């Protein structure tokens, strides 16, 4: 038994020495290949991601994630690397990497894919298509700003914005409702303190229950309107600021555009799923 044990120890020692002698790059590649399985990718994407609490460029986020040994993300596009990400509204639901990555792709106007050769998540052009359709009123133009799309009338510098507040997976109806309520309150609080959900009116946007709120804007002579809702797991806040003098002309256009809003079914749930 002693001789057999000695032989086994020699075999184990040789295996350890072989692994230690392996070039670092080759060992890292072998380790990464182990993590390339679709099951492990899905497990990673389903895990909780670090919270984005402040403005950061994509490049800064890539460095911080890699430096922390969490994940490697990259882009070869200078515009994407310098693009800033807007922190989403805090929620009881902690964002997963799948949700965070899609939000980063949305805000940087890019598309996400996994590169099995470099073992990295890559953000590149073209831009993801908008997750909704809308009939733009006559005389209005759109300006896609990544985090949101601005709809601007020809008689004023502002009119209506549609904010894409994230897409969520695996949540039940109550969790999605809680996210809607939290986001509605945060946006309303920008304008008017001490607002509650009970101060808002329930309406419908694209068949989904929405919280509607109207009040005076901080700018004198201007009104604030907002609609917050979740449809197909995707959260939106539509905001409209219109001068009192333009209300009769522009609000009917705003209401028609809100009524025409329709969430587009995504072709796949999330990259990697």
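The values are calculated or read from the model by the stated rules, or taken from the named source; none is laboratory data. Quick caveat: nothing in here was measured; it's all calculated off a predicted structure. For neighbour counting, all protein chains shown are included, and Cβ atoms are generated from backbone atoms with ideal geometry for every residue, glycine included.
Take the stretch 129-169 and flag every residue that is free of Cβ contacts under 8 Å to residues at least 24 places away in the same chain and under 25 Å from residue 48 (Cα atoms).
Of everything in the stretch 129-169, just one residue is free of Cβ contacts under 8 Å to residues at least 24 places away in the same chain and under 25 Å from residue 48 (Cα atoms), namely 148.
Filter the stretch 93-119 down to the residues that are surrounded by fewer than 20 Cβ atoms within 10 Å (Cβ to Cβ) and at pLDDT 90 or above, then identify the one that is farthest from residue 60 (Cα to Cα).
111
Within the stretch 171-194, track down each residue that is in a loop (DSSP other than H, G, I, E, B), without any contact (Cβ under 8 Å) to a residue 60 or more places away in the chain and out of contact with any strand residue (DSSP E or B) (no Cβ under 7 Å at 6 or more places or on another chain).
172, 190, 193, 194
Please go through (1) part of a loop (DSSP other than H, G, I, E, B); (2) within 27 Å of residue 238 (Cβ to Cβ); (3) at pLDDT below 90 for residue 127 and return the number of the only condition it doesn't satisfy.
Single failed check for residue 127: (3).
With the requirement that a residue be at pLDDT 90 or above and part of a helix (DSSP H, G or I), what does the stretch 67-85 give you?
78, 79, 80, 81, 82
Would you say residue 156 is in contact with a strand residue (DSSP E or B) (Cβ under 7 Å, 6 or more places away or on another chain), in a loop (DSSP other than H, G, I, E, B) and farther than 22 Å from residue 176 by Cα?
It is true that residue 156 is in contact with a strand residue (DSSP E or B) (Cβ under 7 Å, 6 or more places away or on another chain), in a loop (DSSP other than H, G, I, E, B) and farther than 22 Å from residue 176 by Cα.
Might you check whether a residue that is in the same structural domain as residue 139 (by TED's automatic domain parsing), more than 16 Å from the chain's Cα centre (by Cα) and surrounded by fewer than 18 Cβ atoms within 10 Å (Cβ to Cβ) occurs anywhere in the stretch 228-237?
no
For residues in the stretch 195-208 being assigned to a strand (DSSP E or B) and out of contact with any helix residue (DSSP H, G or I) (no Cβ under 8 Å at 6 or more places or on another chain), which is nearest to residue 130 (Cα to Cα)?
208
Among the candidates 211, 250, single out the residue that is farther than 29 Å from residue 121 by Cβ, outside the structural domain of residue 96 (by TED's automatic domain parsing), crowded, with 21+ Cβ neighbours inside 10 Å and in contact (Cβ under 8 Å) with a residue 60 or more places away in the chain.
The unique qualifying residue is 250.
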